[in-house]
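Undergrad: Once you've had a glance at the structure underneath, I'll fire off some questions.
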Amino acid sequence: MAKPQILMPAPLAPDVVAALDERFTLHRLWEQDDRDAFLAEVGPAIVGMAATTLAGRINAAWLDRLPALEIIASFGVGYDNVDAKAAAAQGVIVTNTPGVLDDEVADLAVGLLLATLRRIPQADAFVRAGQWPAGAFPLSPTLRGRRIGIIGLGAIGKAIARRLEAFGVAIAYHGRSRQEGVAYRYHDTPVALAKASDVVIAIVPGNSGTRHLIDAAVLEALGREGVLINVARGSVVDEAALVAALQDGIIGGAGLDVFEDEPHVLEALIAMPNVVLLPHIGSASVATRAAMGRLVVDNLVAWFDGRPALTPVPETAALNRR
Ligand code: NAP
Ligand code: 8YV
């Protein structure tokens, strides 16, 4: 029997490519000189896709070129790189990679928080620049006594909160609704949470409902000593308002793993001494990226073995029947 034909628009890790090569006929779009001509030729036979954020957004225009498509297996728990509603409308299942990266991203979020408050990267640069013999590194702000507000108390938000409990800090949260059985204090708006917090950590999905959820008003409410940590998506924070708030002393600092125009970071942010900048590495350990890659493969294998996909996104869950 002919193997199902899978399209990979942009490269995933070599072990993912190898696993898909073994089980499917894999088309590597990024290797094609004339991608339009290639898609016109193989598009009608494609039944599955292995997607990453590197491929740009998989939208209705993509779906039109792949009329036999059944499933898009996306690499990452956030799936803002795929128009899941358009996929659902065309009967295409979308899967993501939840569950296998929660602890890794939560570790990074806590590390970024400490790095931002205690100025760890700046202290490292100070030693390397040979400045220590000339005098001590300036004293930093502290995590002690801080109230932490988490925007998005989902799987990763809860993993962050569990870690922060061990640091002895007060924790509160905001989401669209209060969660049953959660002991942390709930605030029904981001502004109310920011007012009651000294640090705000964003860990919501990026979508039209969360775009610029953290705006000038939230930053104003966070206050002069306040710190923003964004490990969610760049679109969640109004970056222009953030730059203004940092420049004008409206908040005290920020730790950012994600940006509005990745991989481009505003020069204004790069120039600021009270900001720690990371290149979207929340899940980026060898082990966790491998687990995410395996889940991409496992979703495709399950579906083409005639079983339901393992981790469909909510928008397409109703289609996941075999
Ligand atoms: P999740 O379990 O689905 O949790 C998402 C949380 O966000 C839920 O608690 C949800 O609560 C809340 N939320 C959703 N829409 C909201 C809105 N409009 N306003 C306020 N809260 C809202 O997702 P997760 O696995 O924790 O991942 C969260 C996101 O983190 C991903 O989608 C991705 O964008 C980002 N992420 C980043 C990295 C990185 O490398 N930096 C790595 C992994 C994930 P309610 O439903 O109660 O509102
Ligand atoms: C990935 C992420 O780096 O899972 C997510 O939502 O942001 C990260 O784990 C990213 O999706 C890979 O492209």
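The values are calculated or read from the model by the stated rules, or taken from the named source; none is laboratory data. All values reported here derive from a predicted model rather than from experimental measurement. Because the Cβ atoms are built from the backbone with ideal geometry, glycine has one as well, and the counts that use them run over all protein chains shown. To get the accessible areas, we keep the full protein, side chains included, count just its heavy atoms, and leave off ligands, DNA and RNA. Shrake-Rupley method; radii C 1.70, N 1.55, O 1.52, S 1.80 Å.
Undergrad: Across segment 79-113, what is the total count of residues that are open to solvent by 50 Å² or more (accessible area, probe 1.4 Å), free of Cβ contacts under 8 Å to residues at least 40 places away in the same chain and either within 21 Å of Ala290 (Cα to Cα) or assigned to a helix (DSSP H, G or I) (or both)?
TA: Number of matching residues: 1.
Undergrad: Can you tell me which residue in segment 266-284 is farthest from Leu213 (Cα to Cα), limited to those that are within 14 Å of ligand 1 (Cβ to nearest atom) and open to solvent by less than 70 Å² (accessible area, probe 1.4 Å)?
TA: Restricting to residues being within 14 Å of ligand 1 (Cβ to nearest atom) and open to solvent by less than 70 Å² (accessible area, probe 1.4 Å), the top hit is Ala284.
Undergrad: Let me ask something additional. Taking the condition β-branched (Val, Ile, Thr), at pLDDT 95 or above, outside the structural domain of Pro312 (by TED's automatic domain parsing) and more than 16 Å from ligand 2 (Cβ to nearest atom), does Ile148 pass?
TA: yes
Undergrad: Conditions: (1) within 16 Å of ligand 2 (Cβ to nearest atom); (2) open to solvent by 10 Å² or more (accessible area, probe 1.4 Å); (3) under 26 Å from Ala73 (Cβ atoms). Phe304 meets all but one. Number of the miss?
TA: The single condition Phe304 does not satisfy is (1).
Undergrad: Output the number of residues of segment 195-227 satisfying the condition of being within 20 Å of Lys158 (Cβ to Cβ) and either open to solvent by less than 50 Å² (accessible area, probe 1.4 Å) or hydroxyl-bearing (Ser, Thr, Tyr) (or both).
TA: Matching residues across segment 195-227 total 12.
Undergrad: Confirm whether Gly130 is outside the structural domain of Gly209 (by TED's automatic domain parsing), on the phi > 0 side of the Ramachandran plot and in a loop (DSSP other than H, G, I, E, B).
TA: no
Undergrad: Which one of these is of a type in the set (Lys, Arg), modelled with pLDDT of 95 or more and closer than 19 Å to Val301 by Cβ: Arg23, Arg35?
TA: On inspection, the qualifying residue turns out to be Arg23.
Undergrad: I'd like to check which strands (runs of 3 or more DSSP E) are fully inside segment 18-78 and have at least 3 residues that are away from ligand 2 (no atom under 16 Å from the Cβ).
TA: Of the strands (runs of 3 or more DSSP E) lying wholly inside segment 18-78, those with at least 3 residues that are away from ligand 2 (no atom under 16 Å from the Cβ) span 25-28, 46-51.
Undergrad: Does Ala115 qualify as being farther than 19 Å from Gly206 by Cβ and at pLDDT 95 or above?
TA: Taking the combined requirement at face value, the residue satisfies it.
Undergrad: While we're on this one: Quick one: Gly255 ticks every box in (1) open to solvent by 10 Å² or more (accessible area, probe 1.4 Å); (2) within 17 Å of the chain's Cα centre (by Cα) bar one, so which box is it?
TA: Every listed condition holds for Gly255 apart from (1).
Undergrad: Given the conditions (1) assigned to a loop (DSSP other than H, G, I, E, B); (2) in contact (Cβ under 8 Å) with a residue 60 or more places away in the chain; (3) within 16 Å of ligand 2 (Cβ to nearest atom), which single one is not true for Ala309?
TA: Ala309 satisfies all of (1) assigned to a loop (DSSP other than H, G, I, E, B); (2) in contact (Cβ under 8 Å) with a residue 60 or more places away in the chain; (3) within 16 Å of ligand 2 (Cβ to nearest atom) except (3).
Undergrad: Here's something else I'd like to know. For segment 268-299: of the residues being within 12 Å of ligand 2 (Cβ to nearest atom) and closer than 23 Å to Ala241 by Cα, which is nearest to the chain's Cα centre (by Cα)?
TA: Initially, segment 268-299 is screened for residues within 12 Å of ligand 2 (Cβ to nearest atom), giving 278-285, 288-289, 291-293, 295-296.
Restricting the remaining residues to those that are closer than 23 Å to Ala241 by Cα gives 278-280.
On the way: Leu278: 12, Pro279: 11, His280: 8 Å.
Among those residues, the one meeting the criterion is His280.
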